[in-house]
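One structure is given below, encoded as structure tokens.
Each value in this text was obtained by applying a stated rule to the coordinates, not by laboratory testing. All values reported here derive from a predicted model rather than from experimental measurement. Quick reminder, even Gly has a Cβ in these numbers, built from the backbone with ideal geometry, and neighbours come from all protein chains shown.
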Amino acid sequence: MNFTAKDVAELRARTNAGMMDCKKALVESDGDFEKAAIWLREKGIAAAAKKQSRIASEGIVTSYIHMGGKIGVLVEINCETDFVAKTDAFQQLGRDIAMQIAAAAPKYVRIEEVPAEAVEAEKEVLRAQALNEGKPAQIVEKMVEGRVKKFYQDVCLLEQPFVKDSSMTIQAYINEMTLKIGEKISVRRFTRYEMGEGLEKRHDNLAEEVEKQMQKKN
């Protein structure tokens, strides 16, 4: 794997694909820029990303309430036309994403929304963990960068594995639906409520309950 952050940025500028998708493409292509661009095209990421420059001001605000009223989600998902917003495919996408938020409890929609101070704080924790594991100082930073990816998967909706199909991320699912529907699709914002959140209470893994319910419906 022989590429730099500049290579990732250049591939992103050329294809309009997301930062993590470009990085993955370069990893899969052993740093070969042209092969990485082809990999993105083959995966449909570049084609879907081209639509992201369009204006998407239509869409839906959809909700999900977990059985028993333990978790509630509101999410706004945008598309380009009211016609598409009313289709069954787009409505199902909205339900799937609302259930994903309920199950996986992301804090942000995308990587760019994570505050820089939160990323640096996480890196400090990861550095300390790596050093405490006895890892050589010269490889600690590489380990930290690898583990930060897991951090983003935990807190960013678009980076999370899709609960109904863990072989793809939510961004990949949206890319797939973008190609199917033919319009730009974006998740603008969401709010997640968990009953009793912040109050002292008996611990129940409500997110795990939601995930199990999604798997049964799939």
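Taking amide H atoms as placed 1.01 Å from N in the peptide plane, the amide H of Met168 lies under 5 Å from those of Phe162, each 5 or more residues away in sequence or on another chain.
Please go through segment 69-144 and write out the GluC sites (Glu not before Pro) that DSSP classes as loop and that have at most 14 other C-beta atoms within 10 Å. Within segment 69-144, the qualifying GluC sites (Glu not before Pro) (loop, at most 14 other Cβ atoms within 10 Å) are Glu133.
Taking only the Cα atoms of segment 106-197, the ratio Rg/Rh comes out at 1.08, with Rh defined as the Kirkwood radius. For the cross-link pairs Lys23/Lys43; Lys142/Lys164; Lys6/Lys135, the ones whose C-alpha atoms lie over 25 Å apart are Lys142/Lys164; Lys6/Lys135. Over the chain, the pair-distance histogram of Cα-Cα distances with 5 Å bins from zero comes to 1, 7, 13, 15, 17, 17, 13, 9, 5, 2, 0, 0 percent, rounded to whole numbers. Within the straight-line cut-off of under 13 Å between alpha carbons, the aspartates and glutamates reachable from Lys24 are Asp7, Asp32, Glu159, sequence neighbours fewer than 8 places apart in one chain being disregarded.
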